[in-house]
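Have a look at the structure below, then the notes.
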Amino acid sequence: MSNDVKESFGGDAPPAPAALAAKVRTLAPSMTRSMQRVAEAVAGDPAGCAALTVTGLAELTGTSEATVVRTARILGYPGYRDLRLALAGLAAQQQSGRAPAVTADIAVDDPLTDVVAKLAYDEQQTLADTAAGLDTAQLGAAVTAMAGAGRVEIYGMAASGLVAQDLAQKLLRIGRHAYAHSDPHLAVHNAVTLRAGDVAVAITHSGTTGDVIEPLRVAFERGATTIAITGRPRSPVSQYADHILTTSIARESELRPAAMSSRTSQLLVVDCLFVGIAQRTYETAAPALSASYEALAHRHQPGPRGGRQ
């Protein structure tokens, strides 16, 4: 994958204003500290920054004009002028309809009604951020590769391992040869047998999980098409990924580990992949789904007391 694509996970057109905050959350951790200051400034005060020249924003953030331009490009904009236009658009959207003042910072003494509201809002924001930042060109390329693959091997550990299993089960139901691996040794053993025409998928929110990166590297070297689902598009896993699907950065709190938020965004990407593949292979996917439903129908008949078996 090219460095330009890795630096900016947007498509050919600059990202929409609504996607800016999501991009900052996703890309800021991999930026230099000076670039982070620029990114945080534009996301925190889009209206104020939209009124500044490139020199003014550089002075505000204690950086250089070159750093401002570089940050704009990493966020997906050809230049600072395009970023200013997006900031103006984002400011207008915020003035016309602000998001509710609720966060997922759950306190120990929060009533359950507040817990539900905070978690629901956070889930909605996670999904919106992921959708805004997902590169549909990369998604389409991944769908094409997986739809025509002889085998699909999926690697994920811990919470990401659950997502890997979900993707494998979905693909199996439409007749694809898909396998999820959570054992790092078996993952590498299976990666060794992959060839051109096969696909390997690595799911790692941090992009630094060695037990996931290693089998992806082996698959990459064997000529398989490789896909990374990660919240850090410029992390080590990207070195061995032909296609990168970026998820939203998790907002972690004491009572809600990052793994919970990251899994929400990963599952959205998995669903997008599954639906895309089912569309491409509909003539075989539809009968396979019907056969699956029919084979399990007897397990969902009413029990002797009116319940479910």
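Can you give me the number of residues within region 74-107 that are modelled with pLDDT of 85 or more, farther than 18 Å from Arg25 by Cβ and part of a helix (DSSP H, G or I)?
Total satisfying the criteria: 6.
Please enumerate the residues belonging to region 31-62 that are over 24 Å from the mean Cα position of the chain (by Cα), open to solvent by 70 Å² or more (accessible area, probe 1.4 Å) and among the polar types (S, T, N, Q).
Thr53
Going by the structure shown, is Glu254 of a type in the set (Asp, Glu) and at pLDDT below 65?
yes
For Tyr121, all conditions in the list (1) at pLDDT 95 or above; (2) more than 17 Å from Val269 (Cα to Cα); (3) open to solvent by 40 Å² or more (accessible area, probe 1.4 Å) hold save one; what is the number of the exception?
In the conditions (1) at pLDDT 95 or above; (2) more than 17 Å from Val269 (Cα to Cα); (3) open to solvent by 40 Å² or more (accessible area, probe 1.4 Å), Tyr121 misses (1) alone.
Only residues in region 184-211 that are touching a residue at least 40 places away in the same chain (Cβ under 8 Å) count as the first member; pair them with residues that are open to solvent by 30 Å² or more (accessible area, probe 1.4 Å) and not in a loop (DSSP other than H, G, I, E, B), Cβ under 7 angstrom, at least 6 apart or cross-chain, and list the lot.
Val199/Thr225; Asp211/Pro184
Test Gln266 against the stated conditions and say whether it is surrounded by fewer than 20 Cβ atoms within 10 Å (Cβ to Cβ), assigned to a helix (DSSP H, G or I) and modelled with pLDDT of 90 or more.
For Gln266, the condition - surrounded by fewer than 20 Cβ atoms within 10 Å (Cβ to Cβ), assigned to a helix (DSSP H, G or I) and modelled with pLDDT of 90 or more - is not met.
Could you please let me know if Ala224 is under 19 Å from Gly150 (Cβ atoms) and buried (at least 24 other Cβ atoms within 10 Å of the Cβ)?
Against the criterion (under 19 Å from Gly150 (Cβ atoms) and buried (at least 24 other Cβ atoms within 10 Å of the Cβ)), Ala224 qualifies.
Considering each of Ile213, Ile249 in turn, give the residue that is at pLDDT 95 or above, open to solvent by less than 30 Å² (accessible area, probe 1.4 Å) and among the aliphatic types (A, V, I, L, M).
Going through Ile213, Ile249 in turn, just one is at pLDDT 95 or above, open to solvent by less than 30 Å² (accessible area, probe 1.4 Å) and among the aliphatic types (A, V, I, L, M): Ile213.
Of the numbered conditions (1) open to solvent by less than 30 Å² (accessible area, probe 1.4 Å); (2) at pLDDT below 95; (3) within 19 Å of Val199 (Cα to Cα), Thr136 fails exactly one; give the number of that condition.
Exception for Thr136: condition (1).
Restricting to region 152-180, name every residue that is closer than 19 Å to Leu289 by Cα and open to solvent by 10 Å² or more (accessible area, probe 1.4 Å).
Passing the criteria: Gln165, Asp166, Gln169, Lys170, Leu172, Arg173, Gly175, Arg176, His177, Tyr179.
The values are calculated or read from the model by the stated rules, or taken from the named source; none is laboratory data. Computed from a predicted model, the values in this text were never measured in an experiment. Cβ atoms come from the backbone with ideal geometry, glycine included; neighbour counts cover every protein chain shown. Remember, those area values only see protein heavy atoms, side chains included, never the ligands or the DNA or RNA. Shrake-Rupley method; radii C 1.70, N 1.55, O 1.52, S 1.80 Å.
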